[in-house]
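Trainee: Dropping a structure here in C-alpha cells format, bear with me for questions.
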Ligand code: SF4
C-alpha cells in the first residue's frame, strides 16, 4: 500500500501556534482530523499556513486514487479518493455510489426520476438513498435529449450522468444543465478530443470508456493533458461465464495499481455498469427477465465487494423491483461501516409512543445496533415508554459493562443530565438483564429503584404484561 503521510510530517509544516482558528484546540488535533478527513486544509487560514507549505501538505495527503465530485448541493456525490485496498487496511472514505439508468424516450420518465430522487430507506440509524441517475440517449436526437435532461434536472436534486458517445448530444445537454455539474459518460478513443474540450470548457467531470486497459489509461492521460481535472475509468462490464471474472479483474487491477503501487496512470475512480447486461440479453419471458435481473444483481454485488467507485444499474426504477437497490444499499452499508468506529447514536432521554408520568423508563446504551432495535421492540410491543440512552462510547450493554463504559456513575450522570425523573411520578429505572450486576450501585448513585428487565428487548412485552408493578416498586423504594 502507498505509504501514508505521518501526523508528524504534517505537523512540522504547520506554524504550531495552536491558535484554534480551525476550530480545533491544537495543531496536532487538526492534523489527526485532517488525516481522517474530518476537517479540510482550507480550515487553517492563510495567515497561519502560507501557500508553499499548504501545497506541501496537500501533496502529502493526496490519496493515491483521486476523488471525483459531481452534482451540486446536499446530494453532491464524491467517488474514489481511497487510500486503502482492503477495508481492514484502513478506512474506506467514499462508499460505492449507486446510479440507476433511464433513457430519454422512456414513456413514464418523469415519474421514474421523481421516484428515484425520493427513494430512501431508514436502516440502523442511516438514511439509505440512491446517488445518481444516468440518462441514456436512445432518441439519438440532440434537441430531444437536451430538452428531456433539462426537464429532469429541474424536477430532481439527485446528481445526473449524461450518457452518450455523441459529442453533439452531450454538448446540447451540457448547454442546458452545466450548472448542475453533471458527469459526462463517456470519452472514448473516437471522441476524446471533443469530449475533453467540452469538459474542460465547462469544468465538468468525465468517465473514460474502453475495454482495453492500456487504451483506457491513454485516453485519461490525454484528457488530463487537455486540463480535465476530474476523470473516472470504465473498463467495460461483461457478464456471463468467463466474462464476469475478466470484468472484475480489470476493475481490481486498476485499483491495485493505483492504491498498492501508487501508479499515477491508474489513479482514477472506477465505474462498473451491471446495467450493460440488458443490452446483451433480451429476455423473452418472465423467467428470462428474472434470470437477467439476478445476473445484474450478482455483478453489482461483486463490484461492491471490491470497492468499485460507482455502479450503474438498470433494475430498481419501479416498486416491483425495489429489492435490487434495497439489497445493494444494505450490502453497501455493511461493507462501508468503519469497523474501527463503533456505530453510535446520540445519548439522551426519548419518548417512545405517548408516555405519561406513570410510564416505565427503560435504559439502554448508545451503540446504534442496540438503541435502534430496543426502540423498535418497544414500539412493536405497543408500550408507551421513556427511553434513557446512556453514552457508552458506542459500545453495547455487555461490552460496556465489562469495559467500564457503562457504569453506575455514568448512568447516574445521565439521569441527572437529562432530568429523567422530572418527567415521571416515580423513581423506577428498568435496566437490561445484561447490566444486572450494576443494579445495587445504580440505586445508590442515582437514588432510584432498579428493576432488572429481560436480557433481550424482544422480551419487553411479556415482561410488561407479567411483571411490571409500579405500585409495588415504589412501595419498596419508599420503605428503604
Ligand atoms: S488554524 Fe492552523 S495554526 Fe491554528 S490551530 Fe488550527 S492548524 Fe494550528
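The values are calculated or read from the model by the stated rules, or taken from the named source; none is laboratory data. Note that the structure is a prediction, hence the values are computed from the model and not measured. Because the Cβ atoms are built from the backbone with ideal geometry, glycine has one as well, and the counts that use them run over all protein chains shown.
Trainee: If residue 37 passes every condition in (1) more than 14 Å from the ligand (Cβ to nearest atom); (2) outside the structural domain of residue 157 (by TED's automatic domain parsing); (3) in a helix (DSSP H, G or I) but one, which one does it miss?
Mentor: (3)
Trainee: Against the condition in contact with a helix residue (DSSP H, G or I) (Cβ under 6 Å, 6 or more places away or on another chain) and in contact (Cβ under 8 Å) with a residue 60 or more places away in the chain, how does residue 239 come out, does it pass?
Mentor: yes
Trainee: Also, quick follow-up: For region 449-463, state whether one or more residues are farther than 13 Å from residue 408 by Cα, exposed (fewer than 12 other Cβ atoms within 10 Å of the Cβ) and assigned by TED's automatic domain parsing to the domain that holds residue 364.
Mentor: Within region 449-463, one or more residues are farther than 13 Å from residue 408 by Cα, exposed (fewer than 12 other Cβ atoms within 10 Å of the Cβ) and assigned by TED's automatic domain parsing to the domain that holds residue 364.
Trainee: Testing residue 82 on (1) in contact with a helix residue (DSSP H, G or I) (Cβ under 8 Å, 6 or more places away or on another chain); (2) at pLDDT below 95; (3) within 16 Å of the ligand (Cβ to nearest atom), one condition comes back false. Which one is that?
Mentor: So the condition that residue 82 fails would be (3).
Trainee: Just checking, how many residues over region 88-122 are in contact with a helix residue (DSSP H, G or I) (Cβ under 7 Å, 6 or more places away or on another chain) and surrounded by fewer than 18 Cβ atoms within 10 Å (Cβ to Cβ)?
Mentor: Residues that pass the stated criteria total 4.
Trainee: Give just the number: which of (1) in a loop (DSSP other than H, G, I, E, B); (2) within 25 Å of the chain's Cα centre (by Cα); (3) in contact (Cβ under 8 Å) with a residue 24 or more places away in the chain does residue 113 not satisfy?
Mentor: Of everything listed in (1) in a loop (DSSP other than H, G, I, E, B); (2) within 25 Å of the chain's Cα centre (by Cα); (3) in contact (Cβ under 8 Å) with a residue 24 or more places away in the chain, residue 113 misses just condition (1).
Trainee: Another question, if that's okay. Anything in region 453-480 that is farther than 16 Å from residue 436 by Cβ and not in a helix (DSSP H, G or I)? List them, or say none.
Mentor: Of everything in region 453-480, those that are farther than 16 Å from residue 436 by Cβ and not in a helix (DSSP H, G or I) turn out to be 468, 469, 480.
Trainee: Determine whether residue 404 is on the phi > 0 side of the Ramachandran plot, out of contact with any strand residue (DSSP E or B) (no Cβ under 6 Å at 6 or more places or on another chain) and at pLDDT below 95.
Mentor: Yes: the conditions hold for residue 404.
Here's the yes/no breakdown for (1) more than 24 Å from the chain's Cα centre (by Cα); (2) in contact (Cβ under 8 Å) with a residue 24 or more places away in the chain:
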{"site": "373", "(1), (2)": "no, yes"}
{"site": "376", "(1), (2)": "no, no"}
{"site": "379", "(1), (2)": "yes, yes"}
{"site": "408", "(1), (2)": "yes, yes"}
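Trainee: Taking the condition of being closer than 28 Å to residue 183 by Cβ and either within 16 Å of the ligand (Cβ to nearest atom) or surrounded by 12 or more Cβ atoms within 10 Å (Cβ to Cβ) (or both), how many residues in region 45-79 meet it?
Mentor: Matching residues across region 45-79 total 19.
Trainee: One residue is enough: does region 128-136 have a residue meeting the conditions in the same structural domain as residue 168 (by TED's automatic domain parsing), at pLDDT below 95 and within 26 Å of residue 327 (Cβ to Cβ)?
Mentor: yes
Trainee: Only one residue in 406, 387 is part of a loop (DSSP other than H, G, I, E, B), over 26 Å from residue 129 (Cα atoms) and in contact with a helix residue (DSSP H, G or I) (Cβ under 9 Å, 6 or more places away or on another chain). Which one? Before the answer, list the steps.
Mentor: Numbers: 387 fails: part of a loop (DSSP other than H, G, I, E, B).
After applying the criteria, what remains is 406.
Trainee: Oh, and also: Sort out which residues of region 6-25 are near the ligand (Cβ under 10 Å from one of its atoms) and either in contact (Cβ under 8 Å) with a residue 60 or more places away in the chain or in a loop (DSSP other than H, G, I, E, B) (or both), and write them in order of number.
Mentor: Result: 14, 15, 16, 17, 18, 19, 20, 21, 22, 23, 24, 25.
Trainee: Ok, one more. Yes or no: residue 367 closer than 27 Å to residue 419 by Cβ and without any contact (Cβ under 8 Å) to a residue 60 or more places away in the chain?
Mentor: yes
Trainee: Would you mind finding the one in 354, 366 that is over 21 Å from residue 414 (Cα atoms) and outside the structural domain of residue 268 (by TED's automatic domain parsing)?
Mentor: 354
Trainee: Inspect all residues belonging to region 84-104 and state whether any of them is without any contact (Cβ under 8 Å) to a residue 40 or more places away in the chain, under 30 Å from residue 315 (Cα atoms) and not in a loop (DSSP other than H, G, I, E, B). Talk me through it step by step, then tell me what you get.
Mentor: So the first thing to find is which residues in region 84-104 are without any contact (Cβ under 8 Å) to a residue 40 or more places away in the chain, and the list is 86, 103.
Those left that are additionally under 30 Å from residue 315 (Cα atoms): 86, 103.
Next, only the ones that are not in a loop (DSSP other than H, G, I, E, B) stay: 103.
Yes, there is a match, as at least one residue in region 84-104 is without any contact (Cβ under 8 Å) to a residue 40 or more places away in the chain, under 30 Å from residue 315 (Cα atoms) and not in a loop (DSSP other than H, G, I, E, B).
Trainee: Can you go through 371, 351, 358 and tell me which one is surrounded by fewer than 19 Cβ atoms within 10 Å (Cβ to Cβ) and either in a helix (DSSP H, G or I) or out of contact with any strand residue (DSSP E or B) (no Cβ under 9 Å at 6 or more places or on another chain) (or both)?
Mentor: 358
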